[in-house]
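Notes follow once the structure below has been shown.
The values are calculated or read from the model by the stated rules, or taken from the named source; none is laboratory data. Note that the structure is predicted; figures quoted are calculated from it, not measured. Glycine gets a Cβ as well: all are built from the backbone with ideal geometry, and neighbour counts include every protein chain shown.
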Number of protein chains: 4
Amino acid sequence: MSEKRKRIIAVIGGGQPSPEEAKLAEEVGRQLAKQGATLVCGGLGGVMEAACRGASSEGGVTIGILPGDSPKTANPYVQIPIVTGVGYARNISVVKSAKAVIAIGGSYGTLSEIAHALQSGIPVIGLNTWSLSRNGQQDNSIIPAETATEAVNKALNLAGDR
Amino acid sequence: MSEKRKRIIAVIGGGQPSPEEAKLAEEVGRQLAKQGATLVCGGLGGVMEAACRGASSEGGVTIGILPGDSPKTANPYVQIPIVTGVGYARNISVVKSAKAVIAIGGSYGTLSEIAHALQSGIPVIGLNTWSLSRNGQQDNSIIPAETATEAVNKALNLAGDR
Amino acid sequence: MSEKRKRIIAVIGGGQPSPEEAKLAEEVGRQLAKQGATLVCGGLGGVMEAACRGASSEGGVTIGILPGDSPKTANPYVQIPIVTGVGYARNISVVKSAKAVIAIGGSYGTLSEIAHALQSGIPVIGLNTWSLSRNGQQDNSIIPAETATEAVNKALNLAGDR
Amino acid sequence: MSEKRKRIIAVIGGGQPSPEEAKLAEEVGRQLAKQGATLVCGGLGGVMEAACRGASSEGGVTIGILPGDSPKTANPYVQIPIVTGVGYARNISVVKSAKAVIAIGGSYGTLSEIAHALQSGIPVIGLNTWSLSRNGQQDNSIIPAETATEAVNKALNLAGDR
């Protein structure tokens, strides 16, 4: 494998985050870049844009996997726009391309990404996001974090050798 | 629109259901067929096969939207195998093709289907399945049912004019 | 396998056919239905609509695998709308779901479907459609037909046991 | 838009190229890197690997958009593996992510990529690859090149402002 193979971490979350979530996302992006990780996300606004802005501010690499047909839909901090044309099916590519996933807030799109990640055995760290129970029993697969730093550290520690 | 346009309801759930879940799925399939609905599912085994078997036993139409590359992977009660070749991205097609979704048990694949349905505004009825909370608050989007009859009635009542 | 498993044939072609191509497509649809085959297509207008109209007029079953997010985009002769939300990636599902493909006219979308079918080893019958050469050598994989009857007969004869 | 937004060019072609095609692909990769372009491809072997090897040897950035579920399927010269899990539907992402496409040899998978690119209005430069005619008339949309240098220059000149 290429020595230059990037260590990729996904940041997922909604297009319309609260100010607190946006701040968390930017800090997560910043810290991922500082630690040399490459950021992958869905490439649009909100949490995705805040995370890319944070990563860019520290010289990090940012990948946006877009649902639509044009790279012009990417937020301005995406350096590598992947144009899929497959709509929400791109959610699957976002998480499968990562060694770990950090979920920040988010709605049903984010929930679908969490589900696809867990189904693929990819660790998910959660900041103010979904929690799950199945048939009345709590499912603890989403690993909670309280701060951006904690989320990034857990993600990098858990990043598997996929 | 064709007067012959089918009223399609999705049944989703895992490949390895409990005996109780399999029984529920078969009964759901039977009742959907009795009421003239067309069944769509992921086309494989477990809940999917039980639901198709139930629907077939009442002369219903069954559609299986398959993840792989061959119609031969469909369970024997699928009359119309749709072969997508797109893996889990087919989960999105299963729910988007339906006017309502009945979730029975299930694991993360089922959770991804629930998420995609809710994101698309398609009603989801749950039997022994996931429940969700977001940022500490219960999300009541999954409509609970206790019996196959209740699930089918709710699904048909809520089936929107998509 | 279900004795009720449908024998599915795809009809592919452009959204803006010539009058002659539309007439061919309608006749192909009619003959497929007469011979008991189920029609699958991309579900939209032009060749797709003409073929569905022909099949419907003979009581045939019609499946439309749609690129977008709503069954309402299907032409009025589609009885079973499959809603994929994956854009042109649905072209792959159209051909993979069929045991043989009949291509009528068409532009680059049709060409992509021909390519995906040939890649999957699914026979393609061509009426006034693309022809191919590779590195200067004619590729004869597209089986030519002159009439709707000839195309349907060849498709049904070549329909593999996929 | 980010000043750091990459200028991405796709190289497409088969997994089992002739020695001459592999040599062309490596030279194309090398020259794209020298001119500062980022290479995107399907991430596997053959033409894809040769192009990535060439680009890597000149310090270029290489993206591989993979059909399967693991980054381990990428060739060793892919620095950024995008893991789609959608099989051949990833072909669409390969070409849509590029501002121009260079096709080298190739079989039906490559033909599908050419078709998807032309459908999206993305320029395609051909080296020893498919040629097309439609309804008996030559289609000259694939721009021929004789050498790697000519192909790269044409691709960079035609790379649209997508």
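Residues checked against (1) of a type in the set (A, V, I, L, M, F, W, C); (2) in a loop (DSSP other than H, G, I, E, B); (3) farther than 17 Å from B:Ala103 by Cα:
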{"position": "B:Arg5", "(1), (2), (3)": "no, yes, yes"}
{"position": "B:Gly15", "(1), (2), (3)": "no, yes, no"}
{"position": "B:Glu49", "(1), (2), (3)": "no, no, no"}
{"position": "B:Asp69", "(1), (2), (3)": "no, yes, yes"}
{"position": "B:Lys72", "(1), (2), (3)": "no, no, yes"}
{"position": "B:Val78", "(1), (2), (3)": "yes, yes, yes"}
Within the range C:100-112, the residues that are out of contact with any Gly (no Cβ under 6 Å at 6 or more places or on another chain) and either surrounded by fewer than 24 Cβ atoms within 10 Å (Cβ to Cβ) or more than 8 Å from chain D (Cβ to nearest Cβ) (or both) are C:Ala100, C:Val101, C:Ile102, C:Tyr108, C:Gly109
- prompt: Does C:Ser93 meet the test of being under 27 Å from B:Cys41 (Cα atoms) and free of Cβ contacts under 8 Å to residues at least 40 places away in the same chain?
  reply: yes
Note: among A:Ala117, A:Ala148, just one is under 15 Å from the mean Cα position of the chain (by Cα), of a type in the set (A, V, I, L, M) and farther than 24 Å from B:Ile142 by Cα, namely A:Ala148
Picking from B:Ser112, B:Ser97, B:Ser56, the residue that is closer than 17 Å to B:Gln16 by Cα and among the polar types (S, T, N, Q) would be B:Ser112
Does B:Leu39 fit the bill of being in contact with a strand residue (DSSP E or B) (Cβ under 8 Å, 6 or more places away or on another chain) and assigned to a helix (DSSP H, G or I)? no
The one condition B:Glu49 fails out of (1) in contact with a Pro (Cβ under 6 Å, 6 or more places away or on another chain); (2) more than 19 Å from A:Gly109 (Cα to Cα); (3) not aromatic (Phe, Trp, Tyr) is (1)
Going through the range A:123-140 in order, the residues found to be surrounded by fewer than 18 Cβ atoms within 10 Å (Cβ to Cβ) and of a type in the set (S, T, N, Q) are A:Ser133, A:Asn135, A:Gln137, A:Gln138, A:Asn140
Cβ pairs under 7 Å, 6+ apart or interchain, first in the range B:10-24 and more than 16 Å from B:Glu113 (Cβ to Cβ), second hydrophobic (A, V, I, L, M, F, W, C) and part of a helix (DSSP H, G or I), ordered by first then second residue, are B:Ala22/B:Val47; B:Ala22/B:Ala50; B:Leu24/B:Ala148
The residue that is modelled with the lowest pLDDT, considering only those in the range A:98-140 that are among the polar types (S, T, N, Q), outside any helix (DSSP H, G or I) and closer than 25 Å to B:Ser120 by Cα, is A:Asn135
Going through the range B:66-82 in order, the residues found to be in contact with a Cys (Cβ under 7 Å, 6 or more places away or on another chain) and either more than 7 Å from chain C (Cβ to nearest Cβ) or under 12 Å from C:Ser93 (Cβ atoms) (or both) are B:Asn75
Screening C:Ala74, C:Ala25 for residues that are surrounded by 18 or more Cβ atoms within 10 Å (Cβ to Cβ), in contact with a Ser or Thr (Cβ under 9 Å, 6 or more places away or on another chain) and aliphatic (A, V, I, L, M) leaves only C:Ala74
Residues in the range B:4-22 that are closer than 27 Å to C:Gly64 by Cβ and either more than 14 Å from chain C (Cβ to nearest Cβ) or surrounded by 20 or more Cβ atoms within 10 Å (Cβ to Cβ) (or both) total 7
When (1) at pLDDT below 95; (2) buried (at least 17 other Cβ atoms within 10 Å of the Cβ) are applied to A:Ala50, the one that fails is (1)
Next on the checklist: Take D:Ala37 and tell me if it is more than 14 Å from chain C (Cβ to nearest Cβ), under 30 Å from C:Ser107 (Cβ atoms) and crowded, with 24+ Cβ neighbours inside 10 Å.
Outcome noted: yes
Note: among D:Gly136, D:Gly121, D:Gly105, D:Gly109, just one is over 16 Å from D:Leu39 (Cα atoms), touching a Pro at 6+ places or on another chain (Cβ under 8 Å) and not charged (D, E, K, R), namely D:Gly105
Check: Does D:Ala148 fit the bill of being more than 13 Å from chain C (Cβ to nearest Cβ), surrounded by fewer than 24 Cβ atoms within 10 Å (Cβ to Cβ) and in contact with an Asp or Glu (Cβ under 7 Å, 6 or more places away or on another chain)?
Finding: yes
